[in-house]
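Participant: Submitted below is the structure of interest, expressed as structure tokens.
The values are calculated or read from the model by the stated rules, or taken from the named source; none is laboratory data. Since the structure is predicted, the reported quantities are computational estimates derived from the model, not experimental observations. As a convention, Cβ positions derive from the backbone with ideal geometry for all residues, glycine included, and neighbour counts pool all protein chains shown.
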Amino acid sequence: MREWEHNIRNVEPYIPGEQPKSVGVIKLNTNENPYPPSPKAELAARDFNFDRLKLYPDPNASQLVHGLAKYYQVLDNQVFVGVGSDDVLSICFLTFFNSDKPVLFPDISYSFYPVWANMYQIPYCEIPVDKDFHIVAKDYYRENGGIIFPNPNAPTSLYMGLDEVENIVKNNQESVVIVDEAYIDFGGQSAISLIDTYENLLVVQTYSKSRSMAGMRIGYAIGSQRLIEAMQAVKFSINSYTMNITSLVYGSAVLEDEEYFQECVEKIIATRERTKRELAELGFTFLDSKTNFLFAQHKKIHADALFEELKKKNIYVRYFNRPKIDNYLRITIGTDEQMNKLFAALKEIINED
Ligand SMILES: *Cc1c(COP(=O)(O)O)cnc(C)c1O
């Protein structure tokens, strides 16, 4: 081996869900929203002057930052935007987790956390969820170099009440506590209401799920001015122009359409509740989801087999071959029509068995 080969960074990357190219696939594997983004995005696109592409975008992303600040009734300097929440979270790890003490996150959680920790050589400790997959707040009352967890958690879909979130933040005021709220709009209460009380709290959200804009790549963090300022400094040390001009324009346009947003979220919640009833009838059990997906297992057929059989029928769901969760499927809530096809396919598979 050449010396340069020894000097290559050896990392184990995160593996995202499949994006099948073939048409006619029912895609319930990456928690995308089945509904289109607000028509305001299309109107903004129609008015968009392509001549603007020749210039760099605003490095401060002011238009989008201001739109979000107004939407959440916070100050502009309490908002940070990035290329999807993955980009925001990655910058969080770099900015806040620089201690010799371990960063804490749940053992069953977003599998990107250990990837970033390894990538940035941050010590970490995975805190086991309880036997019913709940995050237990008091398990986080111990020495640490930072804390991060999703609420609701993924892939379990379980929501932790705001009181419990506050307990974790309150008991860890020497650490930065990050709440990854990718799914909060599907029935939870956001911790954004606590940011003025706790300077160490950062809330991260995304346009990818509830706002139907996964393809646009917009994520954001809301927290104290001190935290946001620190993230800006790191961002401007890597890449000043992370937000392309279209994300600034479309991203701020859709914030003006609260009615459409609520309508889509309510449709997904209604379909989710109907899916719970249908899956129960088919012999599934699942956790109490407050997200746009269900984490389900079947009483007879192994999740792995169901996953393969569904795929043969052109229905993609997510399967994680990992300890504790290897008999569960994560099923994104699609349209009612898509879910009806899923139920029909499951019926066939279960009856054949
Ligand atoms: C989907 C997801 C993200 C990342 O979403 P982006 O598309 O990068 O905004 C982050 N955290 C959790 C828990 C997610 O499920």
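Participant: Does Asp185 satisfy the condition of being within 20 Å of Lys290 (Cβ to Cβ), without any contact (Cβ under 8 Å) to a residue 24 or more places away in the chain, out of contact with any Phe, Trp or Tyr (no Cβ under 7 Å at 6 or more places or on another chain) and not in a strand (DSSP E or B)? Please lay out each step first, then the result.
Facilitator: Numbers: within 20 Å of Lys290 (Cβ to Cβ): yes; without any contact (Cβ under 8 Å) to a residue 24 or more places away in the chain: no; out of contact with any Phe, Trp or Tyr (no Cβ under 7 Å at 6 or more places or on another chain): yes; not in a strand (DSSP E or B): yes.
Judged against the criteria, Asp185 is not a match.
Participant: Now for a different question. Tally up the residues in region 190-220 that are within 16 Å of the ligand (Cβ to nearest atom) and in a loop (DSSP other than H, G, I, E, B), please.
Facilitator: The total comes to 13.
Participant: If you don't mind, there's one more thing I want to ask. Could you list, in sequence order, the residues of region 35-56 that are in a loop (DSSP other than H, G, I, E, B) and over 15 Å from Met216 (Cα atoms)? Quick ask: steps written out before the conclusion?
Facilitator: Here is the first cut: in region 35-56, the ones in a loop (DSSP other than H, G, I, E, B) are 35-38, 48-49, 55-56.
Result: Phe48, Asn49, Leu55, Tyr56.
Participant: What's the total number of residues in region 65-85 that are part of a helix (DSSP H, G or I) and out of contact with any His (no Cβ under 8 Å at 6 or more places or on another chain)? Working first, answer last.
Facilitator: From region 65-85, those part of a helix (DSSP H, G or I) are 65-72, 76-78, 84-85; that's our starting set.
Among the residues that remain, those that are also out of contact with any His (no Cβ under 8 Å at 6 or more places or on another chain) are: 65-72, 77-78, 84-85.
Number satisfying all stated conditions: 12.
Participant: Which is among the charged types (D, E, K, R) and within 12 Å of the ligand (Cβ to nearest atom), of Asp87, Asp130, Asp76, Asp139?
Facilitator: Numbers: Asp130 fails: within 12 Å of the ligand (Cβ to nearest atom); Asp76 fails: within 12 Å of the ligand (Cβ to nearest atom); Asp139 fails: within 12 Å of the ligand (Cβ to nearest atom).
Step by step, each of Asp87, Asp130, Asp76, Asp139 is checked, and only Asp87 is among the charged types (D, E, K, R) and within 12 Å of the ligand (Cβ to nearest atom).
Participant: Looking at region 293-310, is at least one residue within 22 Å of Phe186 (Cβ to Cβ) and surrounded by fewer than 17 Cβ atoms within 10 Å (Cβ to Cβ)?
Facilitator: Start the filter on region 293-310 by keeping residues that are within 22 Å of Phe186 (Cβ to Cβ), which leaves 293-297.
Of the ones still in play, those that are also surrounded by fewer than 17 Cβ atoms within 10 Å (Cβ to Cβ) are none.
No: zero hits.
Participant: Between Gly161, Gly223, Gly145, Gly187, which is away from the ligand (no atom under 13 Å from the Cβ), surrounded by 23 or more Cβ atoms within 10 Å (Cβ to Cβ) and not polar (S, T, N, Q)? It would help to see each step written out before you state the result.
Facilitator: Working: Gly161 fails: surrounded by 23 or more Cβ atoms within 10 Å (Cβ to Cβ); Gly145 fails: surrounded by 23 or more Cβ atoms within 10 Å (Cβ to Cβ); Gly187 fails: surrounded by 23 or more Cβ atoms within 10 Å (Cβ to Cβ).
Selected residue: Gly223, the only one of Gly161, Gly223, Gly145, Gly187 that is away from the ligand (no atom under 13 Å from the Cβ), surrounded by 23 or more Cβ atoms within 10 Å (Cβ to Cβ) and not polar (S, T, N, Q).
Participant: Then there is this: Inside region 173-193, can you point out the residues that are over 22 Å from Glu259 (Cα atoms) and touching a Lys or Arg at 6+ places or on another chain (Cβ under 9 Å)?
Facilitator: Once the filter is applied, which keeps residues that are over 22 Å from Glu259 (Cα atoms) and touching a Lys or Arg at 6+ places or on another chain (Cβ under 9 Å), region 173-193 yields only Ser175.
Participant: Would you please list the contacts, defined by Cβ atoms under 6 Å and residues six or more apart or on different chains, that run from a residue in region 79-100 that is farther than 15 Å from Asn200 by Cα to a residue that is hydroxyl-bearing (Ser, Thr, Tyr) and within 11 Å of the ligand (Cβ to nearest atom)?
Facilitator: Listed pairs, sorted by first residue: Val81/Tyr220; Ser85/Thr206.
Participant: Next question, about the same structure. What number of residues in region 1-55 are over 23 Å from Pro152 (Cα atoms), within 16 Å of the ligand (Cβ to nearest atom) and without any contact (Cβ under 8 Å) to a residue 24 or more places away in the chain?
Facilitator: Number satisfying all stated conditions: 1.
Participant: Right, Pro57: at pLDDT below 95 and more than 25 Å from Glu174 (Cα to Cα) or not? Before the answer, list the steps.
Facilitator: Details: at pLDDT below 95: no; more than 25 Å from Glu174 (Cα to Cα): yes.
Spelling it out, it is not the case that Pro57 is at pLDDT below 95 and more than 25 Å from Glu174 (Cα to Cα).
Participant: Got at least one residue in region 237-252 being more than 16 Å from the ligand (Cβ to nearest atom), of a type outside the set (Asp, Glu), more than 23 Å from Pro155 (Cα to Cα) and in contact with a Gly (Cβ under 7 Å, 6 or more places away or on another chain)?
Facilitator: Yes, the conditions are met somewhere in region 237-252.
Participant: Yes or no: region 32-45 includes at least one residue that is within 25 Å of Ala233 (Cβ to Cβ) and within 19 Å of the chain's Cα centre (by Cα).
Facilitator: The initial filter retains those residues of region 32-45 that are within 25 Å of Ala233 (Cβ to Cβ), namely none.
Looking for residues that are within 25 Å of Ala233 (Cβ to Cβ) and within 19 Å of the chain's Cα centre (by Cα), one finds none in region 32-45, hence no.
Participant: What about Arg226, is it closer than 27 Å to Pro155 by Cβ and of a type in the set (Lys, Arg)? So that I can check it myself, show each step before the final result.
Facilitator: Values: closer than 27 Å to Pro155 by Cβ: no; of a type in the set (Lys, Arg): yes.
Spelling it out, it is not the case that Arg226 is closer than 27 Å to Pro155 by Cβ and of a type in the set (Lys, Arg).
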